Structure formats: structure tokens, C-alpha cells
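The values are calculated or read from the model by the stated rules, or taken from the named source; none is laboratory data. Computed from a predicted structure; not experimentally measured. Reconstructed Cβ throughout: ideal geometry from the backbone, glycine too, with neighbour counts over all protein chains shown. With ligands, DNA and RNA removed, areas are computed over all heavy atoms of the protein, side chains included. Shrake-Rupley method; radii C 1.70, N 1.55, O 1.52, S 1.80 Å.
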Amino acid sequence: MYKKVLHVIIIVSCCGLTSCLNIYHNDLGKHYAWLEDRIIVRITEETEKSLSYDLIIRPQVLNYAYDDRYIIAYQVYDGGDYYDTCQRVEEKDSLFLQFAKLRQMKFCYWIINKETGEVLGPMNRSDFDRKCRILHVEAEMFRFSEKSFWKG
């Protein structure tokens with residue numbers, strides 16, 4: 001009985017502690033972040049309990065890396081409804097074309113210039129590798145998540 005009560009206390013304590021924590025994100029430098037929702041954003045405001053941001057790359061960002069100037073990312077299109085919602089009217093046409101390209105490619109790569117805010121993508125792997133060489137991107141992604149995703 002003692003063990004059951006102890007387990008319940010531990011679970012309740014853990015739930016209480018995690019509900020007070022901030023949104024989990026990895027800082028990519030210059031106000032860019034990867035959020036636990038598997039998106040890349042530019043943070044516009046951060047408080048103790050909230051995070052305001054501009055969405056840069058939608059889900060599923062399964063792999064990413066960054067250096068002082070660039071963020072590189074690997075994304076898999078999963079057909080989610082969020083690709084067709086929350087779009088400003090002036091963005092709808094360009095996003096519609098981008099989403100059509102994502103649907104066709106299924107998985108793609110992105111390059112974000114943190115200094116200028118320029119976002120390049122979606123690209124296939126050969127275009128991505130070529131563009132990284134041209135831009136002298138120093139960041140390198142480990143390819144393990146790409147391989148394990150497609151095996152699964």
C-alpha cells in the first residue's frame with residue numbers, strides 16, 4: 001500500500017511541476033527557436049508563461065542544425081490541417097503554392113539566413129546541398145533522424 005501511495009504522490013508532483021514550466025524550445029540564436037511542436041519560429045516576445053512568435057517552418061521539422069548565420073532544417077510533410085489554417089489573406093496565394101510543393105515532395109530541406117530573415121525552401125536534398133556549398137553554411141545535420149523516420 002505504501003508503494004502505491006508513494007507512486008501516486010510522485011506522479012501528482014511531476015504533473016504539477018511540468019504544468020508550471022515554460023514552453024519547451026531550443027534556442028537557435030537571434031530569436032529563432034525549434035519548438036516541441038516540431039516547428040521553427042522567430043520569437044517576437046517571451047514571458048515567463050507564454051511565447052509569441054512568427055511561424056517560419058511548419059511541422060514536422062524532424063532535424064535541424066545551426067551556426068552563427070544559418071539554420072538548416074529537414075521537414076516531412078504530414079498532411080496536417082495546420083497547413084491550410086491561420087493564414088493571413090495576403091499570404092494565402094504564396095503559401096498555397098508552397099504547400100502544393102510540399103505535398104508533392106513529401107520531405108524537404110530549408111535554409112534560414114538569421115541575419116536577413118530570408119527563408120530558402122522547400123528544396124530537395126541535392127538542391128539543398130548545392131545551396132549550402134554556395135552560401136558556405138557551416139552547420140551540419142546528423143542524418144540519423146531522416147533515416148529512422150523513413151524506416152519506420
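For the reader, a short list of remarks on this structure follows.
- FRET efficiency, 1/(1 + (r/R0)^6) with R0 30 Å, evaluated for Gln98 and Glu46 via beta carbons: 0.65
- Largest accessible area first, the residues Val76, Val119 order themselves as Val119, Val76 under a 1.4 Å probe with ligands, DNA and RNA left out.
- Using the Cβ-Cβ distance between Asp78 and Phe142 with R0 = 22 Å, the FRET efficiency computed as 1/(1 + (r/R0)^6) comes to roughly 0.55.
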